[in-house]
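Encoded as structure tokens, the structure appears first; notes follow it.
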Amino acid sequence: KIEFDSTLLTAAQMKIVEDKLWGTSSTEPTLPSPSEWIALLGGDPQPEVVLNRSTVSVKVGETATIEATVVPEGTTVNWSSSATGKATVSNGVVTGVDAGTAVITASITVGGNDYTDTCTAIVTAAEG
């Protein structure tokens, strides 16, 4: 069930939200993306990058995937590792290199400003 605190929205904004969610013929709500919400409610989207996890565990020689959500949508994400001797990253795919930790950073540049989020990769020895 989707609920809104209508005291945070003007009547016009609430009508926009209701129309977007339920439309005129749909019985199931359709959730807009974060940038669609901002556009619907008359604001300017603030650039950001948000990772789907704050830590990831991976064994040496194995991989794990981190996903990034960005505003504005479609912005190129640049990935880096603070310790490539422990973990590398390419397009959100973290590869364990050697036991230890590395901070994985996802960054975007919008209007000459950088926006980042990080995830700690914990690499453990491979079994066997």
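The values are calculated or read from the model by the stated rules, or taken from the named source; none is laboratory data. In this text the structure is predicted, and so the values were computed from the model without any measurement. Neighbour counts are summed over all protein chains in view; Cβ atoms, including those assigned to glycine, are modelled from backbone coordinates with ideal geometry. Ligands, DNA and RNA are stripped out before the accessible areas are found, and what is left, the full protein with its side chains, is counted by its heavy atoms. Shrake-Rupley method; radii C 1.70, N 1.55, O 1.52, S 1.80 Å.
Atom-type composition of the exposed protein surface of the range 47-112 places 45 percent of the accessible area on carbon and sulfur (1.4 angstrom probe). Summing Lys and Arg as +1 and Asp and Glu as -1 over all other residues whose Cβ lies under 10 Å from the Cβ of residue 60 gives a net charge of -1. Around the amide H of residue 75, modelled in the peptide plane, lies no amide H under 5 Å away from a residue 5 or more places distant or on another chain.
Applying 0.36 nm per residue to the separation of residue 116 and residue 67 and subtracting their alpha-carbon distance, the gain on full extension is 16.3 nm. With θ taken as phi - 60° and the Karplus curve 6.51 cos²θ - 1.76 cosθ + 1.60 applied, the whole-hertz 3J(HN,Hα) list for the range 105-118 is 10, 10, 9, 10, 10, 9, x, x, 10, 9, 10, 9, 9, 10 Hz, x standing for glycine and proline.
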